[in-house]
Amino acid sequence: MTHQVHAFEPPERFVAGTVGPPGERTFFLQARGGGRLVSVALEKVQVSLLAEKLEELLSEAQRRFGVELPEAAPPVGGDNEPLDTPVDEEFRVGTLGLAFDVDTATVVIEAIAVGEAEAEVELGDADDDVDEEPDEPDDDLDRLRVRLTPEATREFIERAKRVVSAGRPPCPLCGQPLDPAGHLCPRHNGYHR
């Protein structure tokens, strides 16, 4: 089976965004450029970790290579537009890879599709033997590769943080997300809050 590498070096726009109401949101990474639009689905925790690890990568690039970094983007500035339509999921992300290219002073983000072994583990298929060794992602999996400047990376980080925090507010007692109708709080012995 052939695989596709959706490369945007650099993209016109690269953002994290969601579709759906809080509690039922689907998270996407979306890249646009050269007349193409690619959207890949991923989990909320992956978006959060991606933003966190990108900050660490930029700090490390500055420390090790003396890269000039822009100031953190203002929280109200930047790209606040919704995802471009149509939002057609190319694939679900299983692995995220990050790198810093010293020659071009750019950040490379690679989102790799869920592999067959990962899908079996996610589905809880205990009958098949699954390799326990952490392998490198297969070269025959679809992937989205984006190359960003440090400025564009900062903008992506700030938007990703806003998208993640825009969900349901946490319960002040247990920290679990509150549904509009409330939730069964374990701190209240299961009584509706």
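The values are calculated or read from the model by the stated rules, or taken from the named source; none is laboratory data. Worth saying up front: this structure is predicted, and the values here are computed from it rather than measured. Neighbour counts run over all protein chains shown; Cβ positions are idealised from the backbone, glycine included. The area values use the complete protein model at the heavy-atom level, side chains included, leaving out ligands, DNA and RNA. Shrake-Rupley method; radii C 1.70, N 1.55, O 1.52, S 1.80 Å.
Does LEU54 satisfy the condition of being in a helix (DSSP H, G or I) and closer than 20 Å to ILE157 by Cβ? So LEU54 fits the description; yes.
When you go through (1) more than 11 Å from the chain's Cα centre (by Cα); (2) open to solvent by 50 Å² or more (accessible area, probe 1.4 Å) one by one for LEU49, which number turns out not to apply? Single failed check for LEU49: (1).
Here is a yes/no grid of residues against (1) outside any helix (DSSP H, G or I); (2) not polar (S, T, N, Q):
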residue: THR18; (1), (2): yes, no
residue: ALA41; (1), (2): yes, yes
residue: VAL45; (1), (2): no, yes
residue: SER48; (1), (2): no, no
residue: GLU60; (1), (2): no, yes
residue: VAL87; (1), (2): yes, yes
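Among the residues making up the range 1-25, those that are within 30 Å of PRO180 (Cβ to Cβ) and crowded, with 16+ Cβ neighbours inside 10 Å are VAL15, ALA16, GLY17, THR18, VAL19, ARG25.
Taking the criterion of being open to solvent by less than 80 Å² (accessible area, probe 1.4 Å) and over 14 Å from the mean Cα position of the chain (by Cα), the residues of the range 91-108 that qualify are ALA99, PHE100, ASP101, VAL102, THR104, ALA105, THR106, VAL107.
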